[in-house]
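Here's the structure, in structure tokens; my notes come after.
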Amino acid sequence: MFSLLLAITLVAVLGAVFGVLLESVHALSRRMVPFGGGVLIGVALFWVLPEMAEFFRWPGALACIAAGFALLWFIDRFVYAVCPACSHTHHHENCETPLHGFAAPLLIAAAVHSAMDGWTATAAHSVAGFGAAFLTGIAFHKLPEGIALGVIARASMSSRLGAIAWCAAAESATLAGGGLETVLAPYFNAAAIHVVLAIAGGSFLYLGGHAIHGELRRSGPAPAFVPALTGVAGSSMLRFFLSGS
């Protein structure tokens with residue numbers, strides 16, 4: 001499991017490096033974000049929800065999914081941006097660094113976000129035939145997230161090398177989250193694990209909708225929905241092939 005978490009972390013770090021080094025990649029990251037959002041929505045609908053319905057029945061599964069969605073909505077609305085690397089639009093055009101002062105809160109929030117990804121992926125790995133879906137969804141989300149994080153960190157910091165180093169540190173929290181889940185796993189029974197995964201599924205729905213809605217506002221329906229529907233279709237086809245194997 002550690003090697004899988006390490007691979008996810010490296011995907012995010014690589015994305016951050018591209019974001020820091022390539023000035024024009026920001027437009028590319030915006031196109032990738034709705035695709036990653038579609039993958040997350042597909043994983044939630046075609047993997048998480050049916051699995052939770054088998055364990056809790058449909059009313060319990062829908063309640064837990066809704067709880068996860070509502071929790072992230074509350075955090076995003078009243079606490080801090082749930083995916084800060086995908087949502088910052090503020091600019092300080094007259095400053096030496098365009099987003100001066102944003103580095104610390106951005107990187108802290110990204111680290112917490114990454115730790116939650118690591119926790120969720122590790123918990124999902126204990127459910128037979130289920131971990132691959134979470135890992136796929138998280139991996140497709142981490143690449144555009146990493147690129148956007150790199151773009152914003154570079155605009156927030158005067159040193160390119162420093163921006164890369166701090167982005168790598170923030171994304172490495174994925175490993176810490178996975179390790180923490182492993183330590184605490186003996187204290188969770190099967191029902192508790194499934195509740196956590198169902199709530200994570202609801203958070204996938206919110207993150208996916210969040211990514212698509214952001215691109216819809218920026219670029220219009222086609223640039224938002226075409227890659228998003230491709231992501232949904234891809235995750236549903238993965239479910240079909242893996243279920244039949």
* Asked: If a residue has to be open to solvent by 30 Å² or more (accessible area, probe 1.4 Å) and touching a residue at least 40 places away in the same chain (Cβ under 8 Å) to count, how many in the stretch 50-62 make the cut?
  -> 3
* To do: Could you check Ala169 against (1) closer than 17 Å to Leu6 by Cα; (2) small (Gly, Ala, Ser); (3) surrounded by 23 or more Cβ atoms within 10 Å (Cβ to Cβ) and say which number it fails?
  => (3)
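Restricting to the stretch 16-25, give me the number of residues that are buried (at least 20 other Cβ atoms within 10 Å of the Cβ) and at pLDDT 85 or above. Working first, answer last.
Going residue by residue through the stretch 16-25, those that are buried (at least 20 other Cβ atoms within 10 Å of the Cβ) are 16, 19-20.
From the residues that got through so far, the ones that are at pLDDT 85 or above too are 16.
Within the stretch 16-25, residues that are buried (at least 20 other Cβ atoms within 10 Å of the Cβ) and at pLDDT 85 or above number 1.
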* Among the numbered conditions (1) within 15 Å of Phe140 (Cβ to Cβ); (2) open to solvent by 60 Å² or more (accessible area, probe 1.4 Å); (3) modelled with pLDDT under 85, tell me where Ser243 comes up short. => (1)
* Inter-residue pairs, beta-carbon under 7 Å, first under 10 Å from Asp117 (Cβ atoms) and of a type in the set (D, E, K, R) and in the stretch 131-151, second modelled with pLDDT under 70 and open to solvent by less than 10 Å² (accessible area, probe 1.4 Å), 6+ apart -> Glu145/Cys83; Glu145/Ala85
* **Single residue of the stretch 172-207 satisfying the filter (within 17 Å of Met52 (Cβ to Cβ) and not aliphatic (A, V, I, L, M)) that is most open to solvent (accessible area, probe 1.4 Å)** => Asn189
* If you take the residues of the stretch 209-228 that are in contact with a helix residue (DSSP H, G or I) (Cβ under 6 Å, 6 or more places away or on another chain) and among the aliphatic types (A, V, I, L, M), which of them is surrounded by the fewest Cβ atoms within 10 Å (Cβ to Cβ)? -> Leu216
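Condition check ((1) assigned to a helix (DSSP H, G or I); (2) modelled with pLDDT of 65 or more; (3) within 18 Å of Trp166 (Cβ to Cβ)) across all residues:
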{"position": "Phe56", "(1), (2), (3)": "yes, yes, no"}
{"position": "Pro59", "(1), (2), (3)": "yes, yes, no"}
{"position": "Ile65", "(1), (2), (3)": "yes, yes, no"}
{"position": "Ala70", "(1), (2), (3)": "yes, yes, no"}
{"position": "Trp73", "(1), (2), (3)": "yes, yes, no"}
{"position": "Ala85", "(1), (2), (3)": "yes, no, yes"}
{"position": "Cys95", "(1), (2), (3)": "no, no, no"}
{"position": "Ala110", "(1), (2), (3)": "yes, yes, yes"}
* Name the one entry in Ala170, Ala185 that is more than 19 Å from the chain's Cα centre (by Cα) and either assigned to a helix (DSSP H, G or I) or in contact (Cβ under 8 Å) with a residue 12 or more places away in the chain (or both). => Ala185
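The values are calculated or read from the model by the stated rules, or taken from the named source; none is laboratory data. Bear in mind the structure is a predicted one, so any value in this text is a computation, not a measurement. As a convention, Cβ positions derive from the backbone with ideal geometry for all residues, glycine included, and neighbour counts pool all protein chains shown. Just so you know, the surface numbers come from the protein's heavy atoms only, side chains and all, with ligands and any DNA or RNA stripped out. Shrake-Rupley method; radii C 1.70, N 1.55, O 1.52, S 1.80 Å.
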